[in-house]
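Trainee: Sharing a structure, written as structure tokens. Questions coming.
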Amino acid sequence: MPIQILMPALSPTMEEGKLAKWLIKEGDEITSGKIIAEIETDKATMEVEAVEEGTVGRILVAEGTEGVAVNAPIAVLLAEGEDKSALDKPLPAPVVASASQSSATRTAGASSPSAASSDINANGHAAERMFASPVARRLASEKGIDLRAIKGSGPHGRIVRSDVEEAAASGSAKPAASPGQALVPSNKSALSGVAMPDNQIIATYEQGSFESVPHDNMRKTIAARLVQAKQSIPHFYLTIDCELDALLEARQRLNMRSPKDEDKAYRLSVNDFIIKAMGLALRRVPKANATWTEENMLYHKHSDVAVAVAVEGGLFTPVIRNVESKSLVEISRQMRDLADRARRRRLAPHEYQGGTTAISNLGMFGIRQFDAVINPPQATILAVGQGEKRPVVKGDKIVAVTMMTVTLSCDHRVVDGALGAQLLSAFKSHIEEPVTMLL
């Protein structure tokens with residue numbers, strides 16, 4: 001019996017992705033473990049392995065297709081002894097993995113919870129999840145059509161675009177809840193952060209005066225998470241100035257001691273010191289190394305510091321784990337590797353998820369001070385400005401000192417003002433006395 005290959009869930013939060021490239025073609029023999037495709041998520045392009053053996057009977061989704069829902073069939077394998085005539089018979093419903101299995105798997109043929117599983121609606125009750133393509137969902141939202149009133153004609157009853165168009169033309173589908181009735185925002189409004197529909201926004205600008213470029217998965221995810229952060233996290237901000245001269249001198253002296261051997265050589269950056277200082281500060285103020293959940297406070301045993309890395313079209317936040325126990329050289333080498341792979345979109349989900357705090361450094365762009373938005377579920381993020389010479393009063397004299405302004409954004413549910421001040425004070429002490437980072 002033919003076997004369906006499903007769109008895999010490559011991270012716990014993945015709902016859809018882009019089938020970037022097929023590495024197989026119809027008629028190819030494949031074995032378990034063979035790399036068959038490249039899938040682009042919001043953060044990375046990842047290789048997908050086959051878990052079944054057989055002959056590729058039919059490719060259902062063309063490479064380059066965006067918005068392919070997790071659990072959607074993307075290809076069909078023929079078992080031993082079968083030919084293409086087997087594809088003319090109805091295929092059995094695909095077997096899907098449980099939620100715990102899907103979060104761990106990275107292979108084709110196993111995916112997220114079934115599309116027929118339940119979500120929790122605004123009243124706290126289980127609500128049926130509709131098995132519909134992303135295009136069908138988007139079109140239904142635009143036309144105000146309730147997907148629950150539509151019978152799908154796609155594989156295994158999946159609602160596709162033509163079903164929505166037919167329902168709209170016939171008037172047979174019930175209208176979706178009006179904005180005034182909705183208790184939770186739609187995915188589209190959650191992404192944009194505004195209630196105004198696209199067509200109304202576009203109508204305010206002169207035709208031909210702009211280029212319309214669809215959002216990619218990374219930008220959609222960034223938008224959704226920023227809206228979530230500002231709507232659900234009560235931010236407050238603490239700012240402090242740090243002297244950098246001692247750190248800059250220590251950095252120069254350490255870099256001069258770098259071995260000539262290319263394999264052992266290193267070059268420390270100011271950012272490496274900042275990462276280390278933040279990790280040590282969290283160890284000194286452990287109550288600030290925490291995460292809010294609705295039922296509990298999670299106090300973390302290690303300082304796992306996420307660092308924002310700008311890439312084309314967005315950013316990644318790769319995580320340096322156990323910063324408090326790593327040397328500056330280890331941090332420097334790991335950060336260079338993660339940043340390089342982030343820019344090539346080659347990070348695995350576990351490399352950018354699970355940080356306990358974050359650092360965003362815009363000093364290299366000449367930014368003196370800014371406030372960063374917390375990346376949930378983290379409770380803090382440190383915004384770092386440039387180091388610059390400033391006049392400072394020392395004793396009775398005005399002297400030129402290299403200063404750096406940093407701002408700590410805090411989730412007030414987790415970090416109160418005094419606790420945030422203690423964390424910043426600990427960070428400042430390590431920056432201004434860099435020898436303490438070598439102990």
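The values are calculated or read from the model by the stated rules, or taken from the named source; none is laboratory data. Note that the coordinates shown come from a computational prediction; the quantities given were computed from them, not determined experimentally. Please note: Cβ atoms are built from the backbone with ideal geometry, for glycine as well, and neighbour counts cover all protein chains shown. Quick note on the areas: whole protein, heavy atoms, side chains included, nothing else; ligands and nucleic acids left out. Shrake-Rupley method; radii C 1.70, N 1.55, O 1.52, S 1.80 Å.
Trainee: If the chain between residue 302 and residue 200 were fully stretched, how many nm would it gain, using 0.36 nm times the residue separation less the Cα-Cα distance? Show your work: numbers first, answer last.
Mentor: Numbers: separation 102, 0.36 × 102 = 36.72 nm, distance 4.83 nm.
Residue separation times 0.36 nm, minus the Cα-Cα distance, leaves 31.9 nm.
Trainee: Next question, about the same structure. Of all accessible surface on the stretch 383-438 at a 1.4 Å probe, what whole percent is carbon and sulfur? Write down the numbers at each step before the final one.
Mentor: Values: 1400 of 2480 Å².
Heavy-atom surface of the stretch 383-438 belonging to carbon and sulfur, 1.4 Å probe: 57 percent.
Trainee: Considering the dipole of the stretch 370-439 built from charges on the beta carbon (Lys and Arg +1, Asp and Glu -1) around the Cα centre, which of 406, 375, 422 is farthest to its positive end?
Mentor: Result: 406, furthest along the dipole toward the positive end.
Trainee: Additional query: Hey, can you grab everything whose amide H is under 5 Å from the amide H of residue 236? Only 5+ residues off in sequence or another chain; H modelled, so Pro and N-termini drop out.
Mentor: Under 5 Å from the amide H of residue 236 lie the amide H atoms of 410, 412, each far enough along the sequence or on another chain.
Trainee: Right, something else. Could you give each residue of the stretch 391-403 its phi-based ³J(HN,Hα) in whole Hz, using Karplus coefficients 6.51, -1.76, 1.60 with θ = phi - 60°, and x for Gly or Pro?
Mentor: After applying 6.51 cos²θ - 1.76 cosθ + 1.60, I find x, 10, 7, 10, x, 10, 10, 9, 10, 7, 10, 7, 10 Hz.
Trainee: If you don't mind, another one. Just list whichever of 21/220; 151/220; 43/220; 230/428; 18/230; 260/326 have alpha carbons separated by over 18 Å in the model shown. Could the numbers behind the result be given before it?
Mentor: Details: 21/220 21 Å; 151/220 29 Å; 43/220 11 Å; 230/428 27 Å; 18/230 28 Å; 260/326 22 Å.
Flagged as over cut-off: 21/220; 151/220; 230/428; 18/230; 260/326.
Trainee: Would you work out which of 364, 296, 352 lies farthest towards the positive end of the dipole of the stretch 282-387, given +1 charges on the beta-carbon of Lys and Arg and -1 on that of Asp and Glu, about the Cα centre?
Mentor: It is 364.
Trainee: Each residue of the stretch 217-234 in turn: what ³J(HN,Hα) in whole Hz from Karplus with 6.51, -1.76, 1.60 and θ = phi - 60°, glycine and Pro shown as x?
Mentor: Per-residue couplings from phi come out as 4, 5, 5, 4, 5, 4, 4, 5, 6, 5, 4, 4, 5, 6, 7, 10, 10, x Hz.
Trainee: Shifting gears a bit: Among rounded, prolate and oblate, which fits the stretch 210-276 when a ≥ b ≥ c are the square roots of the eigenvalues of its C-alpha gyration tensor, a/c under 1.5 means rounded, and a/b larger than b/c means prolate?
Mentor: oblate
Trainee: Using only the Cα atoms of the stretch 239-283, build the gyration tensor, take square roots of its eigenvalues as a ≥ b ≥ c, and label the shape rounded, prolate or oblate: rounded if a/c is under 1.5, else prolate if a/b is larger than b/c, else oblate. Walk me through the numbers on the way to the answer.
Mentor: Numbers: a/c = 3.51, a/b = 1.79, b/c = 1.96.
The shape class here is oblate.
Trainee: Cut-off under 21 Å on the C-alpha distance; same-chain residues fewer than 8 positions from residue 25 excluded. Which lysines are left, in chain and number order?
Mentor: List returned: 34, 84.
Trainee: Counting only protein heavy atoms and using a 1.4 Å probe, what share of the accessible area of the stretch 219-290 belongs to carbon plus sulfur, as a whole percent? Kindly include the intermediate steps, with their values, before the conclusion.
Mentor: On the way: 1990 of 4040 Å².
Answer for the stretch 219-290: carbon and sulfur cover 49 percent of the accessible area.
Trainee: Apply the a/c threshold of 1.5 to the C-alpha gyration tensor of the stretch 353-405 and tell me whether it is rounded, prolate or oblate. Display every interim value, and only then the final one.
Mentor: Numbers: a/c = 4.13, a/b = 2.59, b/c = 1.60.
Here the stretch 353-405 falls in the prolate category.
Trainee: Within the stretch 311-417, report the GluC sites (Glu not before Pro) that DSSP leaves as loop and that have at most 10 other Cβ atoms within 10 Å. Numbers along the way, then the final one.
Mentor: Numbers: sites: 312, 324, 330, 351, 388; in loops: 312.
For GluC sites (Glu not before Pro) across the stretch 311-417 that sit outside H, G, I, E and B with at most 10 neighbouring Cβ atoms in 10 Å, the list reads 312.
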